[in-house]
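Visitor: Pasting in a structure now, in structure tokens, and then I'll have a few things to ask.
The values are calculated or read from the model by the stated rules, or taken from the named source; none is laboratory data. As the structure is a computational prediction, the values presented were derived from the model and not from experiment. So basically every Cβ, Gly included, is an ideal-geometry build from the backbone, and we count neighbours across all protein chains shown. In case anyone asks, the SASA skips ligands and DNA or RNA and just uses the protein heavy atoms, side chains included. Shrake-Rupley method; radii C 1.70, N 1.55, O 1.52, S 1.80 Å.
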Amino acid sequence: MSDLVTGDAVVLGLRPARVPSRALAFALDLFVYLTGYLLISVGLLVATASLDEAAAAAVTVASFVLVLVGVPIAVETLSHGKSLGKLACGLRVVREDGGPIRFRHALVRGAMGVVELLATFGSVACIASLVSARGRRLGDVFAGTLVIRERVPGARVMPVPAPPPWLAGRFAGLDLSAVPDGLWLAVRQYLTRMNQLDPAIGAAMAAKLADELVLRTGAPPPAGVPAAAYLMAVVHERQSRDAARAFGRPSWQEHQQQGVAAALPYPAQVQAPVPYAAPVEAAAPVAPSPEAAPVRPAGGSRFAPPS
């Protein structure tokens, strides 16, 4: 059993697929693709009867690459990791963090599959899967993917807490491309279990993870935002982007254009928002004093402590 975190920040107890189920799925896919290739080859043989040998050979190679390499890549991309054989065996290809795969993942898997599946009759893939702790072949290692079993009893899920309303859409312009999957996994696991941690330890962990996110994104930390709230808002922004890519849901920018909400740009040179847990009351200005200065978490984090 392996704890994977999906793009919706939910911990799922899913089992990585092993060699027998993956071999059966590949055999079903190969049978379908070879059948289609033979039918196309017969049609091309009739259509290219008047061509010379070089042209006929070029057409044959092109049809082989298209049917046995291009079609599997397109199927995995459009179905988000499910081919016909995987669908029959209850398998699915996902990223290492549990999110849906994209074209680049399917392209790397397909390119490596030519060598370790077709050229060596699956022997290299079988050896790599047996050696790997999670049953991954070389294509999965280079693509950063994992084949999992979907037909298993569901485990109790713990969703990530929603960010404060005043942070909704504030990080729509944040560049998240440099954040590694391992850091996303650590942030999501912290957010799903932060209520079970000691407050002091949880605050220190939140500050450390938030500082790491700030370092990866290259943007300054937002003023007046607690570290935990910052993590919730950034994870929520990534979930929205993953959902928009995978399921065609409207992004925050589209909501803005439709007039649904107006978000603060990030980074924004505006007054720090009032903490969502604090009562909003009119009060006379009070001069700051050394005793009222907030105590920052251990490690010198630049984030405000939780209210």
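Visitor: Using only alpha carbon pairs under 8 Å that are at least six residues apart, calculate the relative contact order of the range 136-241 and give it in whole percent.
Guide: Value for the range 136-241: 38 percent.
Visitor: Tell me the label-point distance for the pair D52, L130, using the 7 Å Cα-to-Cβ offset, in nm and rounded to one decimal.
Guide: 4.9
Visitor: Would you kindly derive the ³J(HN,Hα) couplings of the range 218-232 from the backbone phi angles with the Karplus curve 6.51 cos²θ - 1.76 cosθ + 1.60 (θ = phi - 60°), listing them in order in whole Hz, with x for Gly and Pro?
Guide: x, 10, x, x, x, 6, x, 9, x, 4, 5, 5, 4, 5, 4
Visitor: Give me the 1.4 Å probe accessible area per residue for the range 61-197, excluding ligands and nucleic acids, in Å².
Guide: 47
Visitor: Show me 206-219, 170-183 ranked by packing, highest mean number of other Cβ atoms within 10 Å first.
Guide: Descending packing order for the listed peptides: 206-219, 170-183.
Visitor: Under Stokes-Einstein, with the Kirkwood radius over Cα pairs standing in for Rh, what whole-number D in µm²/s applies to the range 124-239 at 20 °C and 1.002 mPa s?
Guide: Translational D for this selection: 130 µm²/s.
Visitor: Give the share of C-alpha pairs in each 5 angstrom bin for the range 18-127, from 0 to the last occupied bin, in whole percents, shortest bins first.
Guide: In order of increasing distance, the bins hold 2, 12, 19, 22, 19, 11, 8, 5, 2, 1, 0 percent.
Visitor: Can you tell me the order of 191-204, 103-116 when each peptide is scored by its average per-residue count of other Cβ atoms within 10 angstrom, highest first?
Guide: Packing order, densest peptide first, comes out as 103-116, 191-204.
Visitor: Which ³J(HN,Hα) values, rounded to whole Hz and listed in residue order, are derived for the range 239-247 from phi using the Karplus coefficients 6.51, -1.76 and 1.60 in 6.51 cos²θ - 1.76 cosθ + 1.60 with θ = phi - 60°, glycine and proline given as x?
Guide: For the range 239-247, the Karplus curve yields 4, 5, 5, 4, 5, 5, 6, 7, 10 Hz.
Visitor: With the full set of protein chains in place, find how many percent of the accessible area of the range 78-237 is carbon and sulfur; take the probe as 1.4 Å.
Guide: 65
Visitor: So what is the relative contact order for the range 51-205, in percent, with contacts set as C-alpha pairs under 8 Å and at least six apart?
Guide: The value is 20 percent.
Visitor: I would also like to ask the following. Can you figure out the FRET efficiency of V114 with R193, using R₀ = 35 Å and their beta-carbon distance, to the nearest 0.05?
Guide: Once the sixth-power term is evaluated, E becomes 0.25.
Visitor: Would you please give the residues with an amide H less than 5 Å from that of V225, counting only those at least 5 places away or on a separate chain, with H modeled from the backbone geometry?
Guide: Amide H neighbours of V225: A304.
Visitor: Across the range 18-33, in residue order, what do the Karplus-derived ³J(HN,Hα) couplings come to in whole Hz, using 6.51 cos²θ - 1.76 cosθ + 1.60 with θ = phi - 60° and x for Gly and Pro?
Guide: Once θ is set to phi - 60°, the couplings for the range 18-33 become 9, 4, x, 5, 5, 5, 5, 4, 5, 5, 5, 4, 5, 4, 5, 5 Hz.
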